[in-house]
Amino acid sequence: MTPDSFSGDGVALSVENAIARIDAMIADGAHIIDIGAESTRPGAVLLNHIEELQRIAPILEAVEERKNLVQFSIDTRHAATAQVAIKKGVAILNDVSAASDPQMLDLAREYNCKIIIMHNLGIPADPQITLPQDCDVVQLIYDWAENIISKTKADIIIDVGIGFGKTHAQAWKIIRNIDKFKSLGVPIMVAHSRKSFLSIVTDKPAKERDFETLQVSSYLVDKNVDYIRVHDVKSHSSLLKIKKILQA
């Protein structure tokens, strides 16, 4: 529910368009639908929880009506927003700020929700702020995740944070070595869809990078990554069906 989505597919605060998008994603085979109101693209204006709730409140009514058809997650940095969403049927908290709000983890434990914790160097993303080019990016993020897991008594999903504080080369290295993160013993999520690291292989604008996204997704599925967060649900549903047939 944002007019400034980096990928060009925000529903511009239209409740009707948002509900239509939800229903289309359900029909296309989404397992989880992520609801959010705050863009995290470079230069985005951050929202407080009041502004955030004003944008998504009407959509949460649709969530409540459809919670038995598909799981929903709430993309928010604010525990106050997350609590309202949980009471409407959201099952997963997606916190790109890695629980900067100290009440977020308490909320996840209280309501027995899964919580996605994402590695980042700041929200919104800033292409000028990245990890050192000569660092071992895979080991660095692994150590960060291990520390988070050891300190947090919650049902965590680790998001390696593609597009947040990594150079394009580092993003590719993380994806190539995604196997390493499986030994953390928690589910792993990769949110790579349409992101700028794909500009190494295409000069297409973000909203036209679905083919390239799908190729990366295929690799991640083969590596048994637990969650992939994508824009083009229909093509990914087909991808999963084909892989299931071929692996039968």
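Please treat every number below as a calculation from the coordinates, not as lab data. Remember, it's a predicted structure, so these values are computed and weren't measured experimentally. Using ideal geometry, Cβ is built from the backbone for each residue, glycine included, and neighbour counts are taken over all protein chains shown.
Per residue, what volume in Å³ does the Cα convex hull of segment 85-173 take up? Before the final figure, lay out the partial values.
Working: hull volume 8.6 nm³, N = 89.
Measuring per residue, one finds 97 Å³ for the Cα hull of segment 85-173.
In order along segment 131-136, the Karplus-derived 3J(HN,Hα) couplings, from 6.51 cos²θ - 1.76 cosθ + 1.60 at θ = phi - 60°, round to 4, x, 4, 8, 7, 7 Hz, and Gly and Pro are given as x.
So what is log10(I(q)/I(0)) for segment 123-170 at q = 0.15, 0.19, 0.22 1/Å, when the Debye sum runs over its Cα atoms only? Log10 of I(q)/I(0), two decimals: -0.45, -0.68, -0.85.
For Cα pairs less than 8 Å apart in space and 6+ apart in sequence, what is the mean separation divided by the residue count of segment 55-177, i.e. the relative contact order in percent? Walk me through the numbers on the way to the answer.
Numbers: 174 pairs, mean separation 27.5, N = 123.
Relative CO of segment 55-177 lands at 22 percent.
When the P(r) is computed for segment 15-246, the part past 24 Å accounts for 45% of the Cα-Cα pairs. Packing around the peptides 139-151, 180-192, 74-86, 162-174, taken as the average count of other Cβ atoms within 10 Å per residue, puts them in this order, highest first: 74-86, 162-174, 180-192, 139-151.
In the structure displayed, which of LYS153/LYS243; LYS67/LYS166; LYS114/LYS182; LYS114/LYS166; LYS195/LYS223 lie more than 27 Å apart, Cα to Cα? Present the calculation step by step, with values, prior to reporting the outcome.
Values: LYS153/LYS243 35 Å; LYS67/LYS166 35 Å; LYS114/LYS182 17 Å; LYS114/LYS166 25 Å; LYS195/LYS223 20 Å.
The pairs that break the limit, which is 27 Å between Cα atoms, are LYS153/LYS243; LYS67/LYS166.
Scanning residues 5 or more positions from LYS114 or on other chains, those with amide H under 5 Å from its amide H are LEU93, with H placed 1.01 Å from N in the peptide plane.
Highest first, please rank the peptides 89-95, 14-20, 128-134, 54-60 by the mean number of other Cβ atoms sitting within 10 Å of their residues. Don't jump to the answer; show the numbers that get you there.
Working: 89-95: 22.9, 14-20: 14.7, 128-134: 11.0, 54-60: 19.0.
By packing density, highest mean first, the sequence is 89-95, 54-60, 14-20, 128-134.
Since only ALA154, GLY185, THR167 are under comparison, the one whose Cα sits farthest along the positive direction of the charge dipole of segment 134-200, derived from C-beta charges on Lys, Arg, Asp and Glu, is THR167.
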